[in-house]
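Comments concern the structure below.
Please treat every number below as a calculation from the coordinates, not as lab data. Everything numeric here is computed off the predicted structure, so don't read it as measured data. Cβ sites come from the backbone with ideal geometry, for glycine too, and all protein chains shown count toward neighbours.
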Amino acid sequence: MEYLLAIVLPVLLGLVGVVLSYNRFVAQLASIDATWANIEGELQRRHDLVPNLVETVQGYARHEQRVLEQVTEARAQAIAAVPSTVPIEQQARAEDALTQGLTSLLAVPESYPELKSDAVFRDLQRQLVETEDRIAAARRLYNLEVASYERRRRSVPSNVVAGVIGFEARRMFEIRDPAAEHSPHVPR
Amino acid sequence: MAPPVSGAVEAGSVALLDRATHLLLAVTGGDDGSWLPGLMVGLFGVAMAIAWTLQRHQRRELRDALNRFVERHDGWHLQAWPCGVHANQLVSRFEATPRGDRRYGVESAVGGPAEVEISGTTVRCQVACFVWFHERRRTQRSRGRHARRTYDRRTELVAMCQLPVHTHRAVSILPESALGRVGLTRSGQQLESESFNRRFRVEGRDRALVVTLLDAGLQELLAAEYGARGIELSDDLLVLSGEPTHRDRSLAGVAQTYPAILQDLTRLVRNIPPPFWRALGFQRPAPDPAADPATPPPPRPAPPPPPRPEDR
């Protein structure tokens, strides 16, 4: 009986450990997916704001056609990179291109004071910056979740569970911080 | 014939000395060797009197120091309610203001308006520095059945700022426990900086707001400069607790710490990233045209022309 216990008890404890570790991996993956959904939601909101911004700028600055086309094209590429089949790095580069285009677009009002003081444009700019703040926060949360997951996936003993069950590596989402580039200038 | 004056004084002195000796003998129990308890009582009384005098002196010195500190800032004064908030509204609201087991409250509070930089804009806020005290019960069991209950008085140094925005979900950044510092029992929200995670335990229901608040710059600043301090946000109040590293030796008592803690508070607010303020809906105040040197001042009304001689 004692021999049986000496064999069964460690096996049972090991099984419990495996189940706990597995469940924690599943919870972490669910959390990663949830934070990624947040990022996608905010990116979608940014994509939706772009046509309104382009239209508003076009009303005042028809001569800036090149910038407007660049932004429209970057938006189209960013929308095309949203599906989950597209690698995360490709999506990040598409978003960076859109950020760059928007930076050029938001520089246009410097030459058009009427546009700069337009209430609709100011409101859209505010909404854009707020959306980009939320993208930045969601991206950091996502990356923190991925970092925690990866740390567990590689450390002993949870790496055994990850290897046996086949939990795959997740990539971080690294983009330029658009909010830092698009936030209004603070006069000193 | 009246005795000479010097003789009368001498006689009076002798009588006084005689009376004092009688009094001392009465207090100490006479000259039969049982004077020790009386002497002890006398010494205890003297010690109490000295302690009382010293305490009174310290209180007066502290009050003077607080007054001197208040005079350095326009509109500041001694306060009973820091930032207009009663102690009952502060108790248990922050980790720095615990209820304790018996008495609690605010003391040595000073405060008034101060200019803080929020999102690059200078804003006037109500700021206060005070000491939060509370009493903790301590039960000492003797060898018998009797348990002796005493109360320890504990204090916490607090600087508080009334922000122009409301944090609907509280955030607390408190020093990590000893076990947490070595990575054994780490709780709370983990962030990118390992040195920050080692030093602080971050709690907040809105995780997105927490990461917005704690950007890389603020994490670095807190880990480097605010090691053993607590930072808490609730509604419109920002509380910074813990001892500062610097003291103003020209002041006395707890007032020595007030300049440093006030400086730390304004520096902390200045380093909170703009996205955090935007997330809370902070609106920059409309620019004051009078303050802008580029804007010409409005023309003054022309003075009335001097009356002509024929108008008189």
Set of region B:165-205 residues, backbone N closer than 14 Å to the point 7 Å along the Cα-Cβ line of B:Ala216: B:192-194
Once R0 is set to 41 Å, what does the formula 1/(1 + (r/R0)^6) return for the Cβ-Cβ distance between B:Glu203 and A:Leu4, expressed as a FRET efficiency to the nearest 0.05? 0.30
Would you work out the relative contact order for region A:1-140, in percent, from Cα pairs under 8 angstrom that are 6 or more residues apart? 33 percent
Highest average packing first - A:14-23, A:126-135, B:216-225, Cβ atoms within 10 Å: A:126-135, B:216-225, A:14-23
Which FRET efficiency, nearest 0.05, do B:Thr155 and A:Glu55 yield, Cβ-Cβ r, R0 56 Å? 0.35
Quote to one decimal, in nm, the extra length available between B:Ile50 and B:Asn88 on full extension: 0.36 nm per residue of separation minus the C-alpha distance between them. 10.2 nm
Where does each of B:47-54, A:70-77, A:148-155 land if you order them by average Cβ count within 10 Å, highest first? A:70-77, A:148-155, B:47-54
Residue-span extension gain [A:Arg151 to A:Met172] - 0.36 nm each, minus C-alpha spacing: 6.3 nm
Label-point separation, B:Trp81 to A:Ala80 (7 Å along Cα→Cβ), nm: 6.4 nm
Please give the length that would be gained between B:Ala15 and B:Val41 if that part of the chain were fully extended, namely 0.36 nm times their separation in residues minus their C-alpha to C-alpha distance (nm, one decimal). 6.8 nm
